[in-house]
1. Give the stretch 48-74 a look and list any residue that's in contact (Cβ under 8 Å) with a residue 40 or more places away in the chain, farther than 25 Å from Glu15 by Cα and open to solvent by less than 60 Å² (accessible area, probe 1.4 Å), or say none.
2. Inside the stretch 53-90, can you point out the residues that are charged (D, E, K, R) and within 14 Å of Asp109 (Cα to Cα)?
3. With the checklist (1) open to solvent by less than 30 Å² (accessible area, probe 1.4 Å); (2) closer than 18 Å to Ala134 by Cα; (3) touching a residue at least 40 places away in the same chain (Cβ under 8 Å) in hand, flag the one item Glu11 doesn't pass.
4. Among the residues that make up the stretch 79-91, is at least one of them among the small types (Gly, Ala, Ser), farther than 27 Å from Ala126 by Cβ and open to solvent by 30 Å² or more (accessible area, probe 1.4 Å)?
5. Taking the criterion of being more than 22 Å from Ile112 (Cβ to Cβ), modelled with pLDDT of 95 or more and crowded, with 17+ Cβ neighbours inside 10 Å, would at least one residue in the stretch 25-47 satisfy it?
6. Mind listing just one residue for me: the one in the stretch 14-24 that is open to solvent by 20 Å² or more (accessible area, probe 1.4 Å) and among the aliphatic types (A, V, I, L, M) and, of those, farthest from the chain's Cα centre (by Cα)?
7. Enumerate the pairs (first residue in the stretch 129-151 and open to solvent by 70 Å² or more (accessible area, probe 1.4 Å) and modelled with pLDDT under 80; second residue anywhere and assigned to a helix (DSSP H, G or I) and among the aliphatic types (A, V, I, L, M)) with beta-carbon separation below 9 Å, excluding pairs fewer than 6 apart on the same chain, so at least 6 apart or on different chains.
8. Within the stretch 58-77, how many residues turn out to be farther than 15 Å from Asn132 by Cβ and touching an Asp or Glu at 6+ places or on another chain (Cβ under 6 Å)?
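The values are calculated or read from the model by the stated rules, or taken from the named source; none is laboratory data. Computed from a predicted structure; not experimentally measured. All Cβ positions, even for glycine, are placed from backbone atoms using ideal geometry, and neighbour counts span all protein chains on display. SASA here: full protein model, heavy atoms, side chains in, ligands and nucleic acids out. Shrake-Rupley method; radii C 1.70, N 1.55, O 1.52, S 1.80 Å.
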Amino acid sequence: MPRVETQLRIEAPPEVAWAAVVDVESYPRCMENVESVVVTHRTDEFLRTTAWSVRLKGSLLRWTEEEVIDPAARRFDFRQVSGDLGEFVGHWAVTAAPGTGSVVRLHVDFDIGIPLLADMLNSVAADALRENAAQMLAALEQRLLAAGSGQPGGAASAVSVTEPEPESTP
């Protein structure tokens, strides 16, 4: 299963970056590729269900995911329960960086759900998801900087994609 891992160092305290990351319903206001995010169910402060609509390379992807939120670890894990992809799981995490900054990470494992085309489409989908994730993190950074949470000029990003291991046949 392809994996996309994206991270961005943001000059904002971890608690401020975490508040922005976990506030998914605000994403459409600051991220041009996110059409909508709606919390459809909240069991408690640690478990919620959200419905997403995201523009990815000209296509609109829709899915509903369950999110398990761990404020102490500044991490929330998500898992698609219905939607356009065969599988979509991952997490957002915020850790302290040296000084007053933070590192925001987005990790996604996915399966496009079309086995006969997976070899051809996985790398295209991974590239699109990587670009989308980098845009989301950059938009979060701009939102925090505009709010006065950090100092401009101190951010550096790193994005990596891990492709699936080739399957061996006996």
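1. Val54, Leu56, listed by residue number.
2. Looking only at the stretch 53-90, we keep the residues that are charged (D, E, K, R), and these are 55, 57, 62, 65-67, 70, 74-75, 77, 79, 84, 87.
Glu65, Asp77, Arg79, Glu87, listed by residue number.
3. Evaluating Glu11 over (1) open to solvent by less than 30 Å² (accessible area, probe 1.4 Å); (2) closer than 18 Å to Ala134 by Cα; (3) touching a residue at least 40 places away in the same chain (Cβ under 8 Å) leaves (1) as the failure.
4. Among the residues of the stretch 79-91, not one is among the small types (Gly, Ala, Ser), farther than 27 Å from Ala126 by Cβ and open to solvent by 30 Å² or more (accessible area, probe 1.4 Å), which makes the answer no.
5. For the stretch 25-47, residues more than 22 Å from Ile112 (Cβ to Cβ), modelled with pLDDT of 95 or more and crowded, with 17+ Cβ neighbours inside 10 Å: absent.
6. Within the stretch 14-24, the match that is farthest from the chain's Cα centre (by Cα) is Val16.
7. Qualifying pairs under 9 Å: Ala147/Val16; Ala147/Ala20; Gln151/Leu145.
8. The total comes to 2.
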